[in-house]
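Right, one structure below, let's go through it.
The numbers here are math on the coordinates, done by the rules we state, and not lab data. Keep in mind that this is a model prediction, so the values were computed, not measured. Positions of Cβ are generated from backbone atoms using ideal geometry, with glycine treated the same way; all protein chains shown enter the neighbour counts.
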Amino acid sequence: MSAALSAMKHVRGFDPAKPFGLGLVILLMLPLVLLPLASIFIFGTSSGLRSFWAALMAPDAIFALKLSVVTSFYATVFNVVFGLLAAYVLSRYTFFGRTAIIVTISLPTAIPTAVAGFALLLLWGKYGMIGQYVSEEHQIMFTPYAIILANIFVTFPLAFGVLMSVFETMDKSLEEASATIGATRWQTFWHVTLPSLRGAIVTGALLTFARAIGEFGSTILVSGNLAGSTQTAPLYIFAKFNEGQVEAANAVAVVLALFSFAIFSFLFFARDWIEAK
Amino acid sequence: MLPEKLPEDSDTARAASPPAAASVSGLSKSFKGVRVLEDVSFDVGEGEALVLLGASGSGKTTILRIIAGLELPDAGRVFIHGRDVTDTPARERGVGIIFQSYALFPRMTVEENVGYGLRIRGRPRRERREKVESLLELVHLTDQRKKLPSQLSGGQQQRVAIARTLAYEPQMLLFDEPFGALDAQIRVRLRREIRALLRDINVPALFITHDQEEALELGDRIAVLHAGHLEQIGTPEEVYNRPETEYVATFLGAANLLLGVVAPGRRVELGAVALEAGAEAARFREGQSVKLVFRPEDVRVSKSGELPADCNPLANGVVEEKHFVGAYERLSVRLDLVARAPRPGEPPLYEISEAPERRLGVPVIVTRAKPEAAATPLRVGERVTLCLASFRVLPNFPLASERGGRVH
């Protein structure tokens, strides 16, 4: 590597592509990514940590963060369990319509989240295709269940995609060996397949969680956006900003941003470690 | 010619007619409309090692997977110890596979891998520990017990794979290209080790390989497969010395092939010369087109024209090339077979190129062991007389499938 680089220098002399190219990339990144993120933190601490803390400790803010975490958690559990099931069935069996199912499952990635939320409303809403047959007290739209439903709709393809790709590239002879040794399907799955999927499960879960906790487009339609009842953290940020309470919005934004950093760093740095374990 | 000369080796005697430990009959299989197996039947005797030998795409892996229960045949049955297991799931067959990749469980240690079969059968911890202990001793891996498969060499991984299957006392062992992933020197050592191990544990084994040397060394018997057909099955001596088809003759070792016609008096006419073929020729009707097949090492060369008594004179020729190949010397001798002028309208037997004085005739390959090469040294350009110590006369079809009614 270094030999190749120095050889290039020898041939061409000073290479302007490196400093200029690098400078351009950094100049682009600065206003696009780094400065906006930095501004949250700069603004959040500009009027002192005390007021930041007070804004964060407002009951509605805490509720919104909690609601986001809880709904994202249930969506994650659902995605991992059913993502595993779907990926297992779709990678281990061949049947008519297999590709159609895979495409359908992956479709929500391409659908705008606002459309997804709207579609859920049309189906489950009080006057929706199914919702109209559901009694008043069992309506799920504008409840936390609607948020979970929207989260699952939007994030399931992420978990499924990660798990499916690992299932498909897995060495099938491991499972075959286990079967010839005398293991039942379940024993093979538990002792052989699942351990190989550990990294993919963690990745799929974290991706789901990170995506779900920031979900805005679909939740704003299906949740009702009631402060202290169905308002998630991103909705809280939006609402407070609309009300002109920038400090309140910013406090929650800082927490969400830190949270995303944590998950992202974990995915980036700790995955190899989990895989190797 | 040859049957009387078959050496009475212990291997031959052992494989004479053992009771079948496993057998397949009439196996056929297609994948997406492509026939990969066509009516394949054979037995594996008790304690016998059978090698399925074939090029890639010959269907040998499919046979192994069908026996293991990982693939269903379109037609045919699989029997293990007399029990029809064709519809039995893999896990109830009690067959052990050693995969080419070994398929060791990457997150289990060596002893966990070996103990897996007992663990899923819910055997008590003590019994498991003792069994694993003795198996690790058997395959000389006691020191490596706590390691993960990725920390072992290829040969060690293979021994773990073998121990892992032996733990549940399989009724049969299947080896899928067991030495394919190893380098040449280790390969030779390992197959001797496995051969010795199999003798100890007396479990019937089926090997799959495309390596003829491996097949000859590992197998009590060899089954040669080509394009889903069983070409020939027999002891290594039978298959090597008495190939039944041209494909078998050329796939297992080197062979010279000369096109000929059966002539009166049990002779085979090869262009200008006729060879006394005895019983070999008696199997064909007169005028039938045949191929004379002989191994390079079965050719005797004489400068004086004096030939050994038990050697069938073939023809004269000119030494054209001479190579020293280590253990033996390889000669290319051009036989004077087409000195005869073709009859009017008859196509020439062989293409004659632009340099007739040199290119006339057919080249054959002759190998001579060191002592013989040293006793009568030969130079390029010298004229010699050739005779055959043994040979086969085969129908002029390369494959078994083209002979009978099963022509495609």
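Here are the numbers for the structure shown:
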{"item": "Under-5 Å amide H pairs with residue B:175, H placed in peptide plane, nonlocal only", "result": "B:98, B:206, B:207, B:208"}
{"item": "Coil-residue GluC sites (Glu not before Pro) of the range A:119-168, DSSP, other Cβ within 10 Å capped at 12", "result": "none"}
{"item": "Only Lys, Arg (+1) and Asp, Glu (-1) charged, at Cβ; the range B:94-154 dipole about Cα centre in debye", "result": "320"}
{"item": "Amide hydrogen neighbours beyond the local backbone of residue B:30, cut-off 5 Å, H modeled", "result": "B:36, B:74"}
{"item": "In order through the range B:189-206: 3J(HN,Hα) via Karplus (6.51 cos²θ - 1.76 cosθ + 1.60), integer Hz, x for Gly, Pro", "result": "5, 5, 6, 5, 4, 5, 4, 5, 4, 5, 4, 5, 8, 6, 9, x, 9, 10"}
{"item": "Candidate lysines - alpha carbon under 30 Å from residue B:32, same-chain residues fewer than 8 apart omitted", "result": "A:172, B:60"}
{"item": "Average beta-carbon neighbours from other chains, 10 Å sphere, peptide B:64-72", "result": "2"}
{"item": "Per-residue Cβ neighbour rank within 10 angstrom, fewest leading, A:109, A:155", "result": "A:109, A:155"}
{"item": "Long-range amide H partners of residue B:231 with built H, under 5 Å", "result": "B:224, B:225, B:226"}
{"item": "Cα lying deepest toward the dipole's positive end in the protein assembly as shown, options A:216, A:41, A:139, charges on Cβ", "result": "A:41"}
{"item": "Computed [θ] at 222 nm, deg cm²/dmol, chain A (DSSP H ≥ 4; -39,500 (n - 2.57); rounded to nearest 500)", "result": "-23500 deg cm²/dmol"}
{"item": "Set of aspartates and glutamates with alpha-carbon distance to residue B:322 below 15 Å, sequence-local pairs under 8 removed", "result": "B:297, B:372, B:382"}
{"item": "Sparse-neighbour loop sites [trypsin sites (Lys or Arg not before Pro); the range B:143-222; at most 10 other C-beta within 10 Å; DSSP]", "result": "B:146"}
{"item": "Ordering of A:74-84, A:143-153 by burial proxy (mean other Cβ atoms within 10 Å per residue, highest first)", "result": "A:143-153, A:74-84"}
{"item": "Karplus (6.51, -1.76, 1.60) ³J(HN,Hα), θ = phi - 60°, over the range A:77-88, in Hz, Gly and Pro reported as x", "result": "4, 4, 4, 5, 5, 7, x, 4, 4, 4, 5, 4"}
{"item": "Within chain A: Cβ-based charge dipole about Cα centre, in debye rounded to nearest 20 (Lys, Arg +1; Asp, Glu -1)", "result": "500"}
{"item": "In sequence order, calculated HN-Hα J values of the range A:167-179 (Karplus, 6.51, -1.76, 1.60; Hz; x Gly/Pro)", "result": "4, 6, 9, 5, 5, 5, 5, 4, 5, 5, 4, 4, 5"}
{"item": "Nearby lysines by direct alpha-carbon distance to residue B:131 (threshold 20 angstrom, same-chain neighbours under 8 apart not counted)", "result": "B:146, B:147"}
{"item": "Efficiency of FRET between residue B:382 and residue B:88 - r from beta-carbon atoms, R0 60 angstrom, step 0.05", "result": "0.40"}
